[in-house]
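To start, the structure under review is shown below, and the notes come after it.
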Amino acid sequence: MPAAGECGDCLQHPSSLTHVRAVFVYGFPLDRLVPRFKFHRDLAAGRLMANLMVGVLASAPRPDAVVPLPLHAHRLRERGYDQALELARPLATTLALPLRTDLLLRVRATAPQSELDAGQRQKNVARAFAVSPRLTPPDHVVLLDDVMTTGATLDAAARALLRAGAKRVDAWVCARVP
């Protein structure tokens, strides 16, 4: 029997994620704050978002590690910072959780997801992530990202972690697009 709240699409295409916690719905004022943080180097906006996330996520099941969704090296050079890492640092510190930036690698550059429809998003991120070959992920990992739209990117990252030995992969996001 499906869990309460599961949509038809989720039943037809099960996610690799065990649970997703979105702190906010992507709407006002997050629809103004996130782009400032993500595309305009407003790191103070990111710190505010991380602080707001802590209050909600403090009661979430405790993972063995928080893993920020990594950018590809090319996009990191363009942007100058990784927004998921900027959210994950203060969150992991405040919640006293291990932050693992060494575990998940973005091995393939992808087109920006914001320019693609749902089907294209899945194809775009297929095999875009890998776990560092010398490492084994802990049993319970939480992927951290700023915004979840279709979940394709988080699902692709979760699949890589599960293939490498993780038993459970959850996602924590600041906002979820309705």
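The values are calculated or read from the model by the stated rules, or taken from the named source; none is laboratory data. Since we're looking at a predicted model, the values are computed, not measured. Here the Cβ positions follow ideal geometry from the backbone for every residue, glycine too, while neighbour counts run over all protein chains shown.
Residue under question is L71, and the condition is that it be under 16 Å from R89 (Cβ atoms) and touching a Lys or Arg at 6+ places or on another chain (Cβ under 8 Å); does it hold?
Numbers: under 16 Å from R89 (Cβ atoms): yes; touching a Lys or Arg at 6+ places or on another chain (Cβ under 8 Å): yes.
When the stated conditions are applied, L71 passes them.
Of the residues V66, V56, which single one is in contact with a helix residue (DSSP H, G or I) (Cβ under 6 Å, 6 or more places away or on another chain) and within 17 Å of A171 (Cβ to Cβ)? Break it down stepwise before answering.
Numbers: V56 fails: in contact with a helix residue (DSSP H, G or I) (Cβ under 6 Å, 6 or more places away or on another chain).
Among V66, V56, only V66 is in contact with a helix residue (DSSP H, G or I) (Cβ under 6 Å, 6 or more places away or on another chain) and within 17 Å of A171 (Cβ to Cβ).
Being modelled with pLDDT of 95 or more and within 19 Å of R21 (Cβ to Cβ) is true for just one of D102, D170, D155. Which residue is that?
Numbers: D102 fails: within 19 Å of R21 (Cβ to Cβ); D155 fails: modelled with pLDDT of 95 or more.
Sole residue among the options that is modelled with pLDDT of 95 or more and within 19 Å of R21 (Cβ to Cβ): D170.
Here is a check on your reading of the model: is V125 at pLDDT 90 or above and of a type in the set (V, I, T)?
Working: at pLDDT 90 or above: no; of a type in the set (V, I, T): yes.
No; evaluated as a whole, the condition is false for this residue.
Which residue is nearest to R36 (Cα to Cα), if the candidates are limited to segment 83-98 and must be touching a helix residue (DSSP H, G or I) at 6+ places or on another chain (Cβ under 6 Å) and buried (at least 19 other Cβ atoms within 10 Å of the Cβ)?
Taking segment 83-98 first, the residues touching a helix residue (DSSP H, G or I) at 6+ places or on another chain (Cβ under 6 Å) are 83, 86-87, 90-91, 94.
From what is left, the residues that are buried (at least 19 other Cβ atoms within 10 Å of the Cβ) are 83, 86-87, 91.
Values: Q83: 11, E86: 13, L87: 14, L91: 19 Å.
Result: Q83.
Going by the structure shown, is A45 under 18 Å from V147 (Cβ atoms), surrounded by 14 or more Cβ atoms within 10 Å (Cβ to Cβ) and not acidic (D, E)? First the steps, then the outcome.
Numbers: under 18 Å from V147 (Cβ atoms): yes; surrounded by 14 or more Cβ atoms within 10 Å (Cβ to Cβ): yes; not acidic (D, E): yes.
When the stated conditions are applied, A45 passes them.
Exactly one condition in (1) charged (D, E, K, R); (2) at pLDDT below 95; (3) surrounded by fewer than 20 Cβ atoms within 10 Å (Cβ to Cβ) is false for D139; which is it?
(2)
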